[in-house]
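**Student:** Sending over a structure as structure tokens; questions will come in a sec.
The values are calculated or read from the model by the stated rules, or taken from the named source; none is laboratory data. Source: prediction; values computed, not measured. Cβ: placed from backbone, ideal geometry, glycine included. Neighbour counts: every protein chain shown.
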Amino acid sequence: MLRATEPGPLFIPINKGGHASVRRMTDHAIWKMVQKRGAEAGVKKFSPHDLRRSFCSDLLDLGADIAVVQQLAGHANIATTARYDRRGEKPKQKASEMLVVPYVALANGGAGR
């Protein structure tokens, strides 16, 4: 079953008879679904929140602006989004290499007047 294009929940419950109910699933039902699918995929235990963290980190890793990621994640404060950033030092180094700092070489071995 594919989700429609109208706004609404991403995951909807499907009963044992295979009938979908267009309503939000409970937090517990989502947790159980994630655990089951993770086990089937051979992935160590993780939580729905890990998916949220990966969503934010992956977008940041791909170069998305942190303010955009903040909006997509629904965070009120950008500091909350920044806590999801697990990229380490490499992106900081890459960003600093993008800077062009103009300078003027001083005559007399750099001695100023």
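**Student:** Determine, yes or no, whether GLY88 is at pLDDT below 90, assigned to a loop (DSSP other than H, G, I, E, B), within 22 Å of the chain's Cα centre (by Cα) and surrounded by 10 or more Cβ atoms within 10 Å (Cβ to Cβ).
**Tutor:** Considered against the rule, which asks whether it is at pLDDT below 90, assigned to a loop (DSSP other than H, G, I, E, B), within 22 Å of the chain's Cα centre (by Cα) and surrounded by 10 or more Cβ atoms within 10 Å (Cβ to Cβ), GLY88 comes out as no.
**Student:** Exactly one of these conditions fails for ALA76: (1) farther than 20 Å from PHE11 by Cα; (2) at pLDDT below 90; (3) part of a loop (DSSP other than H, G, I, E, B). Give me its number.
**Tutor:** Result: ALA76 fails condition (2) only.
**Student:** Continuing with this model, one more query. Between residues in region 1-19 that are closer than 16 Å to ALA29 by Cβ and residues that are modelled with pLDDT under 80 and in a loop (DSSP other than H, G, I, E, B), which pairs lie under 7 Å by C-beta distance while being six or more apart or on different chains?
**Tutor:** LEU10/ARG3
**Student:** Hey, another quick one. Does VAL100 meet the test of being without any contact (Cβ under 8 Å) to a residue 12 or more places away in the chain and among the β-branched types (Val, Ile, Thr)?
**Tutor:** It is true that VAL100 is without any contact (Cβ under 8 Å) to a residue 12 or more places away in the chain and among the β-branched types (Val, Ile, Thr).
**Student:** Which of the numbered conditions does LYS16 fail, given that it passes all the others? Conditions: (1) on the phi > 0 side of the Ramachandran plot; (2) more than 20 Å from the chain's Cα centre (by Cα).
**Tutor:** Result: LYS16 passes all but (1).
**Student:** On the basis of being closer than 26 Å to PHE11 by Cβ and without any contact (Cβ under 8 Å) to a residue 60 or more places away in the chain, does ARG87 make the cut?
**Tutor:** no
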